[in-house]
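What follows is a single structure, written as structure tokens, with notes after it.
Quick note: the coordinates plus some simple rules give every number you see, no bench work behind them. The structure displayed is predicted, hence computed values, not measured ones. Note that we place each Cβ from the backbone using ideal geometry, even for glycine, and neighbour counts take in every protein chain shown.
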Amino acid sequence: MDRSILIQEDDFGFWKNLILVTVFFIITPVTIGVSLFSLFSLKKNDLVEKKFNTTNLIISPKPGVSVYAALPGNVPTVSSTIEYADARPKIVEGYLIRYDSPLAPYSDLIVQTADKYHLDFRLITAIAQQESNLCKIIPPGSYNCWGWGITSVGTLGFDSFADGIETVSSGIRSNYLDKGYSTIEEIMSKYTPQSNGSWAFGVNSFMEEME
């Protein structure tokens, strides 16, 4: 083999190795720098993200520790106005339905009329239970569930249940409460003086059922 060829191959190998080493020392620091910069950037972004995500962080409170959570800027508002539904008509209606009374559709009217004459809202219904089993035992066509106006010649009749509710409520106010009859027992002494006390006991018991 020609010696000049060997020298050329050695020269080529030397420069090849020199180039590889040079490239290695140039690229490696750059690669490491880029990697460190990327790692630092990701870590910084993660910290920033955690910082801004605390607005949605919910922590279970421990006894004796007050925990406050920041709220989003746009919070739906709820009106502070609270409307209270009157439960009394439902109480009366439920009672009347339980005993299958034809007065059930008039529960609202019973309460409204009681308020009109400043009566206990349960009183008219309790008297109807005592007198007629809630309108199931009355003279036909009389609409008189309360034994109102009973005389030796018969019982007063009304044009409708609504008429009866109005008349009896008004009568209890003007003929009883306004004249000092303030308890069921006192009302009984005039309403049905022949009773041995069972009338007042029954009315009181029926009123308690509607509490």
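What is the range 88-209's relative contact order, in percent, from Cα pairs under 8 angstrom and six or more apart in sequence?
This gives 22 percent for the range 88-209.
Would you mind computing Rg(Cα) / (2.2 N^0.38 Å) for the range 88-209, counting N as its residues?
Ratio of Cα Rg to 2.2 N^0.38 Å: 0.97.
Gain in length, residue 174 to residue 98, computed as 0.36 nm per residue apart minus the alpha-carbon separation, to one decimal in nm?
24.3 nm
Determine the gain in length on full extension of the stretch residue 160-residue 201; use 0.36 nm per residue of separation and subtract their C-alpha separation, reporting nm with one decimal.
11.9 nm
Arrange the peptides 202-211, 125-134 so that the one whose residues have, on average, the most other Cβ atoms within 10 Å appears first.
125-134, 202-211
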